[in-house]
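Only the coordinates and a few stated rules stand behind these numbers; no lab work does. This is a predicted model, so every value here is computed, not measured. Virtual Cβ from ideal backbone geometry, glycine too; neighbours counted across all protein chains shown.
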Amino acid sequence: MTTASLRSIDPAGPTYPSPPSGEGIGRGFDPRRLRREFPIFANNPDLVFLDSGASAQKPRQVIDTLAEFYQRDYANVHRGVYSLSQRSTDAFEEARRIVCAFLNAADERELVFVRNATEAINLVAQSWGAANLKPGDEILISDLEHHSNILPWQQLSDRLALRLVVAPTDETGELDLAQFEARLSPRTKLIAVTHISNVTGVVLPVTRIVELAHERGALVLIDGCQAVPRMPVDVRALACDFYVFSGHKAYGPSGVGVLYGRYDLLEAMPPWQTGGGTILRVGYDHTVYQEPPHRFEAGTPDIAGAVGLARALDFIEALGREAIAEHEAALTGYGVDCLSRIPGVELVAGGQRRLSIVSFNLDGVHPHDVGTVLDQYGVAVRVGHHCAQPLMDKLGLAGTVRASLGVYNDKDDIDRLAAAIEVAREMFAR
């Protein structure tokens, strides 16, 4: 592969029409046409964006929804008797209903709007964890976790004298289920694991994890940040107790995320952050708090963010989550095959079922240097430890180059990535 392969994306062509909500486009959807719905590519025509695992780009429908909401319907929610406030409240609560349907939750009251998955995990740790865990209890995580699914439990463990237990992955990058089960004990009260690793792309066997946990009376929290944008997620089928995700990775706005929690759990949990919107009655000696989810939504929420997130989830539904998963799985396989053929490229193991994320290094070259060269050819990737330093320590790596996919990527993008890596390899070999 040569530098001649480093061609630009042609922004011309017909706009891909947004299909009606619920009407999937199936196996034949064309990412190159679809990306016309993402203004970022028209404004950056040479861009190959391979960093959706950090934040996905936003389709025109989401951008327009935000602008229209601020121009036509914005006011504070749950507080005003005037019609504009009622419209804003209706739009905000309709967004909650859309999230509920998207996750197949049993009750809209099981969905709490937060800033992101990080805040959602902290909420569970500081509310459910602080109220239910006692010295000697154990929290079990995997060695694939993002810092946001380590630090809240680490901090809670330090405060309450808990034990944080780590289940390992094997040499293929898969979670070692035998080792995982061996680390379950009568003291295990919570299991907190990612659905898809943000470093390797390995899909964890979360259904089996939930089964094993519940057999022993433990609860399960799943970090779904990488899963929600690219595969079907049904919290009732999973039977998980908590599920979290961030809007900005799911083609939605930054600053909004979701905590799903079984209603009986949320109902028994005390407020974490308190203030306006969380209360029924305040007195100097006693305060009565609202029922979930409002008990956990202190202050003015990101109203437009929730509305924009709902539009993003509609966008995903319209494409078809099975179709997205099929497309990205095929493209992931193509990427692994292409990169593995380049001399000096070392892929990080991602198990038998890797989805949408490929991490690698170029022998003898720092990931930051590789990323800088790729950027010169319009290829945007993430470099570093990806907020997973314990995993990097286990792998003996300072960091990696990470390519992560979205619905707008196709084989041409992988070819341009491979061509740019070839250039970097030749450059640093001199």
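Assorted remarks:
- Local charge for G173 was computed over the other residues whose Cβ lies under 12 Å away, with Lys and Arg +1 and Asp and Glu -1, and equals -2.
- Amide proton proximity set for A56, modelled H, under 5 Å, gap of 5+: K249, A250, Y251
- Length-normalised contact order of the chain in % [C-alpha pairs under 8 Å, at least 6 apart]: 24 percent
- For V256, residues with placed amide H under 5 Å, excluding near neighbours: G247, H248
- Proportion of all alpha-carbon pairs of the stretch 122-253 beyond 24 Å (%): 24 percent
- Pairs of Cα atoms farther than 25 Å apart, the stretch 64-317, %: 43 percent
- Which of V282, V233 has the fewest Cβ neighbours within 10 Å, and the rest in rising order: V282, V233
- Taking amide H positions as modeled 1.01 Å from N, with prolines and chain starts lacking one, no residue 5 or more places away or on another chain lies under 5 Å from L144.
- Computed 3J(HN,Hα) for the stretch 265-272, one whole-Hz value per residue from the Karplus formula 6.51 cos²θ - 1.76 cosθ + 1.60 where θ = phi - 60°, is 6, 4, 4, 8, 8, x, x, 9, glycine and proline marked x.
- Three-way shape label, the stretch 193-318, alpha-carbon gyration tensor, a/c 1.5: oblate
- When each of the peptides 243-255, 298-310 is scored by how many other beta carbons lie within 10 Å of its residues on average, the order from highest to lowest is 243-255, 298-310.
- Kirkwood Rh in Å, taken over all unlike Cα pairs in the stretch 331-376: 11.4 Å
- Charge sum, other residues only, whose C-beta stays under 14 Å from P367's C-beta, Lys/Arg counted +1 and Asp/Glu -1: -2
- Compactness of the chain was expressed as the Cα radius of gyration divided by 2.2 N^0.38 Å, which yields 1.01.
- Within the chain, percent of DSSP bridges classed antiparallel, to nearest 5: 55 percent
- In the stretch 292-419, Cα pairs under 8 Å separated by at least six residues give a relative contact order of 24 percent.
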